[in-house]
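Colleague: Quick one: structure below, then a few questions.
Read the figures in this text as sums done on the coordinates, not as results from a lab. Just so we're clear, the structure is a prediction, and the values are computed from it rather than from any experiment. Here the Cβ positions follow ideal geometry from the backbone for every residue, glycine too, while neighbour counts run over all protein chains shown.
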Amino acid sequence: MSETENEKNWHDALKVSKLKPGKKKMIRFGKKLVLLINMEGDYFATEALCRHMRWPLAIGGKVKDGCIRCPLHQTTHQIDDGSLVEWAPFPLFPPFGKVVGKLSKQKDLKTYQTRVSSEKVQVYIE
């Protein structure tokens, strides 16, 4: 792949000033939804929907200790590489959450490369 073709895969997400540290925002690139997260000035991008029940992580998802946790069933993933930390423990009634979690295949969260260029956060999407 040539460098020019590679550059076409970088997409402007938003201005750096629009995403403060500790905040997250869902961005749409065509049909693809991406969650952009600012962790202390480092930008990370993951797929925007929880891998368990497809809930938008921008709505109530908690970012803590380098992880994103879905507010519905508490499925948790590492932000930097999308690896699964905990699958659907459902804190209100843990046995039920474990059963519900077994009904769907455990999956890592897809991640995307990010960079800052001309005061804009960009996401690499193939």
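Colleague: Once you put a point 7 Å from the Cα of Lys64 and another 7 Å from the Cα of Leu33, both along the Cβ direction, what distance in nm separates them?
Modeller: For Lys64 paired with Leu33, the spin-label model returns 2.3 nm.
Colleague: May I ask you to list the GluC sites (Glu not before Pro) in region 28-94 that are in a DSSP loop and have at most 16 other Cβ atoms within 10 Å of their Cβ? Could you put the intermediate results ahead of the total?
Modeller: Values: sites: Glu40, Glu47, Glu86; in loops: Glu40.
Sites meeting the loop and neighbour criteria: Glu40.
Colleague: Shifting gears a bit: Relative to the compact globular guide of 2.2 N^0.38 Å, what is the alpha carbon radius of gyration of region 3-124, as a ratio?
Modeller: After normalising by residue count via 2.2 N^0.38 Å, the value is 1.11.
Colleague: Among Glu7, Glu119, rank each residue by its count of other Cβ atoms within 10 Å, from fewest to most, as a rough exposure measure.
Modeller: Values: Glu7 11, Glu119 8.
In increasing order of surrounding Cβ atoms, one gets Glu119, Glu7.
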